[in-house]
Amino acid sequence: MWPFGRATVFIRSRFLETDSVGELPVGRRLPLIRHELFHVQQGQEWGFLSYWVKQLSARLRHLSISARESSVEAPAYEAQHTAHAALDETGIPR
Ligand SMILES: [Zn+2]
C-alpha cells in the first residue's frame with residue numbers, strides 16, 4: 001500500500017509458470033491474490049499511514065512476522081481460506 005491510493009501486490013515468482021499440461025496455474029494462486037487484495041481494501045479503508053501503523057504494531061504485539069492471529073491479518077487469511085474453498089481440486093473456481 002502506497003500513498004495517494006496506490007497499491008502494489010507482490011507475488012512470489014517473477015517467472016511465468018505452467019502446470020504439467022501447459023496451463024497457467026492461475027486458479028491455485030487466487031487465494032493468495034485474494035489475501036493481498038484484502039490488504040489493499042484495508043489500506044483504502046484505513047489510509048496509507050494507518051494501514052502501515054496497524055501492520056507494524058500487529059507484528060510487534062504478536063512478536064511474529066506473519067501475525068496471523070492479529071486483527072489485521074486474521075480477516076485477510078479468512079478471505080484467503082474462503083477463496084481456497086471456492087476452488088475445486090484442480091484450482092478452478094467451482
Ligand atoms: Zn497478510
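Read the figures in this text as sums done on the coordinates, not as results from a lab. Just so it is clear, the model here is predicted, and its values are computed rather than measured. Cβ coordinates were reconstructed from backbone atoms using ideal geometry, including for glycine residues, and neighbour counts include every protein chain displayed.
Computed values, structure above
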item: Once the Cα gyration tensor of region 47-87 is diagonalised, semi-axes √(5λ) in Å; result: 22, 12, 6
item: Per DSSP, loop chymotrypsin sites (Phe, Trp or Tyr not before Pro) in region 15-94 with at most 14 further Cβ within 10 Å; result: Phe15
item: Spherically averaged projected area in nm², based on the convex hull that wraps the Cα atoms of the chain; result: 7.1
item: Mean Kyte hydropathy of -0.5 or more with a Cα span along the axis of at least 15 Å, helices from DSSP in the chain; result: 48-62
item: Signed unit charges on C-beta, dipole axis of the chain, positive-most listed residue Gln42, Pro75, Gly91; result: Gln42
item: Dipole moment magnitude, nearest 20 debye, the chain about Cα centre, only Lys, Arg, Asp, Glu C-beta charged; result: 380
item: Rounded FRET efficiency, nearest 0.05, which uses the C-beta distance separating Thr8 from His81 and R0 of 30 Å; result: 0.80
item: With at most 14 other Cβ atoms within 10 Å, longest stretch of the chain clear of loop GluC sites (Glu not before Pro) (DSSP); result: 24-68
item: FRET E, pair Gln44, Ser20, Förster distance 41 Å, beta-carbon r, rounded to 0.05; result: 0.60
